[in-house]
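Report on one structure; see the data block that follows.
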Amino acid sequence: MLIDAETLENGKVIEADVAIVGAGPAGIVLALELAKAGHAIALLESGRLGFTEANQQLGDAHRFDPSFHAPMGECTRRQLGGTSTIWGGRCVPYDPVDFDQRAHIAHADWPVTYDELSPYFQRACDYFFCGDAKFNLHDIADITQKSIVPELPDEEVLTSTLERWSLPTNFGKEYFTALKRSSKIHLFYGLTCTEIETAADRNQVCSLQAKTLSQKALKIKARKYVLAGGALNTTRLLMVSDRQRPGGLGNHSGLLGRFYMGHLSGDIAAIHFTTPPDKTIFGFDRDASNIYLRRRFSFTREFQHQKGLTNVVAWLGTPPFGDPSHGSGIFSLAYLALNSPFGKYLAAKAIRDTAIGKNQKDFYWSHVRNVIGDLGKTLAFAPSFGYRRYLAKRKVPALFVHSASNTYPLHYHAEQVPNFDSRVSLADETDALGMRRLNIDLRYLDQDIDSVVRAHQYWDEYLQRHRCGYLEYFGADPAASIWEQAGDGFHQNGTTRMSKKMDEGVVDINCNIHGFDDLFVASSSVFVTSGQANSTFMIVVFALRMANFLNKQLQQSHPPTLSTAVIS
Ligand SMILES: Cc1cc2nc3c(=O)[nH]c(=O)nc-3n(C[C@H](O)[C@H](O)[C@H](O)COP(=O)(O)OP(=O)(O)OC[C@H]3O[C@@H](n4cnc5c(N)ncnc54)[C@H](O)[C@@H]3O)c2cc1C
């Protein structure tokens, strides 16, 4: 059932078995799973059913360094479905190496194992509509060429590892009907949780305080409370709930807000293959269910340990569309479309900026010349791509064009190591509901950069050893170029890290705030390391695991489950 919180009277109290704050992928999956098990859910969403600027601004940060972090208005969304309303849809699980004790990476001890999480991968894939939980070509019989180019065997470098792509699934849209029809879920939209009230004398939540934009105040009481507001806004909510506990709820170790991590991504080199150009798998594969897959260069677990590498992967990219020297009418047409007033309807700003490339906005006539010079090919390509990209239910994730010279930019995506000094904290400035905003200080280390530099050296050695190609660097100083491209905000990991011991983290192995048994976090904020994987697949894996855990707890405890949430 969907309820516009503005239609409720001021002072109302909502009671449920479980209160979930935030209706993005994490909150929606958790709500649907717990409702299936018969529990009454109050799901609070700060945004409305569609985008509104006023709701969005509630999540803005006070201070951040734009050279390292995107504005919150570009990297998060406040509306039903959360940031999945604008995401790309790439689905990648963490690797076993991410959960290893790695002597070369400090503060990287996960208290859970890969084997505890992998049983949830298939159900996560089902939620994303991204097919079978197979992330290696050797597990997919109907795709015969297992490497990116022929004669390139899997050794210390693998080219058979895969990312899978979802529709991209907008969780607000795909699960709208299920949320609306569920008698067990009350979804209150336009309702922002502004504080968690706790007992003065014990670790127990008394209620959630929530407000609408017109300043109506409501209370929510439940047996279990789950924060699923996205990583930084979840951490912010814990921080502002500091009446009883200085520094906020969960700050017993002084680590709340610490170890903020994203990824490093960019291009510092092109890969020149010396193999037959028509045998290069340059874009997407499709499996038997027509799911888009992409191959990547990665390293084995053993090699990462041996060389002291962080987890770094790379895939074949496209030149920045904005640079007309690519000479391609297709890329130039893509540039003209993305850079036009309609561009904002074609892709999220971040995705457009990445595709166009930096400082590439002033070559209009050169692009027009490219299109005219390449008119036949461009006109033949554009309608079919336009259909596959914008009209088909399962959308082609990106634009790729075969390179006749067998040369492709190599796009890296790398782990950022946990860094105590990389953090968020509260500013004095407040939003329209009186909640203090965040200061964001995302900081990279030389170790992050060095690992990406060395990864490229190992890829180059491997290509040359097999006489399949080589890398050509774009500039003389790859490290400087990686520093220049470092920055994130789109993948928000850490700030409520998970730990076995109370003094080493914010949540325990069940994502329960240490010391509490009724306050949980469903978010990538609990991640101990960032891995090479984009965050959302594992966010859903953890949400499924949490649903399992909460269901068992609720079934064992009294009073029995409510038949539905109550508003009084
Ligand atoms: C342009 C872009 C591309 C991306 N591409 C990818 C990709 O390809 N692959 C990938 O894995 N990830 C990608 N991501 C990241 C992905 O979108 C997020 O990891 C994912 O949406 C996080 O899910 P979540 O449920 O934790 O949080 P969110 O999706 O952010 O949802 C949180 C919800 O909580 C609500 N909320 C927040 N605070 C409160 C409060 N106090 N009270 C009530 N409600 C609240 C918000 O309004 C929001 O609806 C991308 C992100 C962007 C911006």
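In region 473-489, how many residues are over 21 Å from T407 (Cα atoms) and assigned to a strand (DSSP E or B)?
Number satisfying all stated conditions: 1.
What residue, of S325, S332, S340, S366, is small (G, A, S) and surrounded by 20 or more Cβ atoms within 10 Å (Cβ to Cβ)?
S332
For D154, work out the one condition from (1) open to solvent by 10 Å² or more (accessible area, probe 1.4 Å); (2) within 14 Å of the ligand (Cβ to nearest atom) it doesn't fulfil.
That leaves (2) as the condition not met.
Report, by residue number, each residue of region 81-94 that is near the ligand (Cβ under 7 Å from one of its atoms) and either polar (S, T, N, Q) or closer than 21 Å to F188 by Cα (or both).
Matches in region 81-94: G81, G82, T83, S84.
Within region 32-78, can you find the residues that are within 12 Å of the ligand (Cβ to nearest atom), over 20 Å from D428 (Cβ atoms), open to solvent by less than 10 Å² (accessible area, probe 1.4 Å) and of a type in the set (A, V, I, L, M, F, W, C)?
Once the filter is applied, which keeps residues that are within 12 Å of the ligand (Cβ to nearest atom), over 20 Å from D428 (Cβ atoms), open to solvent by less than 10 Å² (accessible area, probe 1.4 Å) and of a type in the set (A, V, I, L, M, F, W, C), region 32-78 yields A42, L43, L44, C75.
Applying the selection to region 367-378, what residues are within 14 Å of A334 (Cβ to Cβ) and assigned to a helix (DSSP H, G or I)?
H367, V368, N370, V371, K377, T378
Under 30 Å from D477 (Cα atoms) and of a type outside the set (S, T, Y): which single residue out of R258, R243, R296 fits that description?
R296
Restricting attention to region 153-169, report how many residues are aliphatic (A, V, I, L, M), in contact with a Lys or Arg (Cβ under 9 Å, 6 or more places away or on another chain) and either under 25 Å from D460 (Cα atoms) or free of Cβ contacts under 8 Å to residues at least 12 places away in the same chain (or both).
Selection size over region 153-169: 2.
Being under 22 Å from L442 (Cα atoms) and more than 13 Å from the ligand (Cβ to nearest atom) is the requirement here; does D98 meet it?
Taking the combined requirement at face value, the residue satisfies it.
Does C130 satisfy being open to solvent by less than 40 Å² (accessible area, probe 1.4 Å), modelled with pLDDT of 95 or more and part of a helix (DSSP H, G or I)?
The answer is no for C130.
In region 206-227, which residue that is hydrophobic (A, V, I, L, M, F, W, C) and open to solvent by 10 Å² or more (accessible area, probe 1.4 Å) is farthest from the ligand (Cβ to nearest atom)?
Step by step, filter region 206-227, then rank; the result is C206.
What tally of residues in region 524-540 results from selecting those that are out of contact with any Asp or Glu (no Cβ under 8 Å at 6 or more places or on another chain) and either open to solvent by less than 10 Å² (accessible area, probe 1.4 Å) or away from the ligand (no atom under 15 Å from the Cβ) (or both)?
8
Does R454 count as surrounded by fewer than 20 Cβ atoms within 10 Å (Cβ to Cβ), farther than 23 Å from G254 by Cβ, free of Cβ contacts under 8 Å to residues at least 12 places away in the same chain and away from the ligand (no atom under 16 Å from the Cβ)?
no
Restricting to region 451-472, give me the number of residues that are assigned to a loop (DSSP other than H, G, I, E, B) and at positive phi.
Residues meeting the conditions: 1.
When only residues in region 190-200 that are surrounded by fewer than 23 Cβ atoms within 10 Å (Cβ to Cβ) and assigned to a strand (DSSP E or B) count, which is farthest from the ligand (Cβ to nearest atom)?
Checking each candidate, the answer is T198.
Of these, F176, F135, which one is open to solvent by 10 Å² or more (accessible area, probe 1.4 Å), farther than 26 Å from F520 by Cα and within 16 Å of the ligand (Cβ to nearest atom)?
Exactly one of F176, F135 is open to solvent by 10 Å² or more (accessible area, probe 1.4 Å), farther than 26 Å from F520 by Cα and within 16 Å of the ligand (Cβ to nearest atom), namely F135.
Could you figure out which of (1) within 29 Å of A288 (Cβ to Cβ); (2) away from the ligand (no atom under 15 Å from the Cβ) isn't true of A103?
Condition not satisfied by A103: (1).
Report whether or not N203 is farther than 18 Å from L2 by Cβ and assigned to a helix (DSSP H, G or I).
no
The values are calculated or read from the model by the stated rules, or taken from the named source; none is laboratory data. No experiment lies behind these values; they were computed from the predicted model shown. Cβ: placed from backbone, ideal geometry, glycine included. Neighbour counts: every protein chain shown. To get the accessible areas, we keep the full protein, side chains included, count just its heavy atoms, and leave off ligands, DNA and RNA. Shrake-Rupley method; radii C 1.70, N 1.55, O 1.52, S 1.80 Å.
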